[in-house]
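Each remark here refers to the structure printed beneath this line.
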Amino acid sequence: MPADEGGRGSVFAEPKRGLVLEGGGMRGLFTAGVLDVFMENGVRFDGVIGVSAGACFGCNYKSGQIGRVIRYNTRFARDPRYCSWSSLARTGDLFGADFCYRELPETLDPFDTGAYGKSPVRFHVVATDCDTGEAVYRRLDRADADAFRWIRASASMPLVSRPVEIDGRRYLDGGLSDGIPLGYFESIGYSHNVVVATRPHGYRKSPSWRLCLVKPFLRSCPAVYDALASRHVRYNATLEYIDRRAGSGDAFLIAPEEPLRIARVCHDPSVMRMIYETGRRACVKVLDGVRAFLSPAGA
């Protein structure tokens with residue numbers, strides 16, 4: 001298992017409670033609803049790890065900003081600076097990098113960097129190394145420019161995003177290499193984990209028929225193409241592992257009961273709010289079970 005670059009491979013001496021957040025583009029608004037219910041009810045975790053949208057939205061749990069995710073997504077849903085084909089044509093990023101990762105968190109809907117830095121919660125993200133196709137895990141202790149580069153890297157989907165360069169290496173969407181990093185979190189000492197998935201329980205991913213179409217566009221990143229081609233195998237194996245861990249009482253899974261009726265990209269605030277409310281309802285339904293699972297007696 002690759003080492004956590006932020007934590008330098010440190011392992012906790014005692015069991016810790018973790019929160020594992022899947023990505024999925026705008027399906028992540030389901031996760032945002034779950035997180036807001038957790039924050040409103042004082043449900044605490046020692047560490048959080050997010051992938052793609054799980055990273056973008058999950059960082060607000062560490063900063064304690066209830067409602068921020070649904071607020072800025074609905075406010076800027078139709079703003080071409082936030083997400084548009086014109087942004088892709090102008091900048092190479094469907095989600096405008098400067099707007100999403102600088103202007104929005106700095107001025108338009110400020111991210112609470114002070115609260116983030118003071119929080120004892122350890123926040124991690126996953127990105128994919130473009131040259132190796134392997135997962136890279138990073139702990140982000142401060143909400144600075146470097147942290148937002150890692151969050152952007154974790155959420156940078158191939159073909160509609162430029163690779164993000166950090167310290168001389170290129171990174172893309174963490175979902176390519178480790179879509180739901182429960183195994184990694186367990187490997188660094190988080191023994192009791194709540195997993196928030198954005199696909200219904202029982203879902204399995206099929207090989208993508210689009211691979212033959214995207215291959216010409218990934219000639220400069222052959223490892224990314226290979227990761228895409230084998231992604232369904234890794235992802236399905238992860239789902240089976242989560243089922244085993246949840247079945248044995250060592251993990252707690254929160255997932256939508258039905259497929260979320262939202263695309264990876266959405267410009268309709270009413271649909272966004274519907275998915276967010278679905279996440280809230282799902283969390284309220286299992287809140288007592290989560291508390292029991294995380295309690296010392298449950299551990």
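The values are calculated or read from the model by the stated rules, or taken from the named source; none is laboratory data. Please read all numbers here as calculations on a predicted model, not as lab measurements. Neighbour counts run over all protein chains shown; Cβ positions are idealised from the backbone, glycine included. Heavy atoms of the whole protein, side chains included, go into the accessibility calculation; ligands, DNA and RNA do not. Shrake-Rupley method; radii C 1.70, N 1.55, O 1.52, S 1.80 Å.
Assorted remarks:
- Residue within segment 283-296 that is open to solvent by 40 Å² or more (accessible area, probe 1.4 Å) and outside any helix (DSSP H, G or I) present: yes
- Within segment 216-253, the set of residues being under 30 Å from residue 296 (Cα atoms) and surrounded by 13 or more Cβ atoms within 10 Å (Cβ to Cβ) comprises 238, 239, 241, 242, 243, 245, 246, 250, 251, 252, 253.
- Near pairs, Cβ below 7 angstrom, 6+ apart or cross-chain, from segment 238-252 (within 20 Å of residue 295 (Cβ to Cβ)) to any residue that is among the polar types (S, T, N, Q) and surrounded by 14 or more Cβ atoms within 10 Å (Cβ to Cβ): 251/193
- Elements of type strands (runs of 3 or more DSSP E) in segment 120-202, at least 1 residues being surrounded by fewer than 16 Cβ atoms within 10 Å (Cβ to Cβ): 164-166, 169-173, 190-196
- Scoring residue 256 on the criteria (1) open to solvent by less than 60 Å² (accessible area, probe 1.4 Å); (2) in a helix (DSSP H, G or I) leaves a single failure, condition (2).
- Pick from segment 15-25, criterion assigned to a loop (DSSP other than H, G, I, E, B) and at pLDDT 95 or above, ranking: surrounded by the fewest Cβ atoms within 10 Å (Cβ to Cβ): 24
- Within segment 213-224, residues that are within 9 Å of residue 130 (Cβ to Cβ) sit with their Cβ atoms under 7 Å from residues that are aliphatic (A, V, I, L, M) and surrounded by 13 or more Cβ atoms within 10 Å (Cβ to Cβ), at 6+ positions apart or across chains, in these pairs: 224/172; 224/176; 224/218.
- Unmet criterion (only one of (1) open to solvent by 70 Å² or more (accessible area, probe 1.4 Å); (2) within 24 Å of residue 45 (Cα to Cα)) for residue 261: (2)
- Flag if residue 128 is over 30 Å from residue 284 (Cβ atoms), over 17 Å from the mean Cα position of the chain (by Cα) and hydroxyl-bearing (Ser, Thr, Tyr): no
- Taking each residue of segment 77-99 that is of a type in the set (Lys, Arg) and looking for partners that are assigned to a helix (DSSP H, G or I) with beta-carbon atoms closer than 7 Å, six or more apart or interchain, yields 81/87; 81/99.
- Test: residue in segment 226-245 that is in a loop (DSSP other than H, G, I, E, B), modelled with pLDDT under 95 and out of contact with any Phe, Trp or Tyr (no Cβ under 6 Å at 6 or more places or on another chain): no
- Within the option set 54, 92, 114, 96, being open to solvent by less than 50 Å² (accessible area, probe 1.4 Å), small (Gly, Ala, Ser) and within 17 Å of the chain's Cα centre (by Cα) holds for one residue only, 54.
- Residue 141 among the charged types (D, E, K, R) and under 18 Å from residue 51 (Cβ atoms): no
Residue-wise test of (1) under 17 Å from the mean Cα position of the chain (by Cα); (2) closer than 30 Å to residue 82 by Cβ; (3) polar (S, T, N, Q).
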residue: 187; (1), (2), (3): no, no, yes
residue: 205; (1), (2), (3): no, yes, no
residue: 233; (1), (2), (3): no, no, no
residue: 263; (1), (2), (3): yes, yes, no
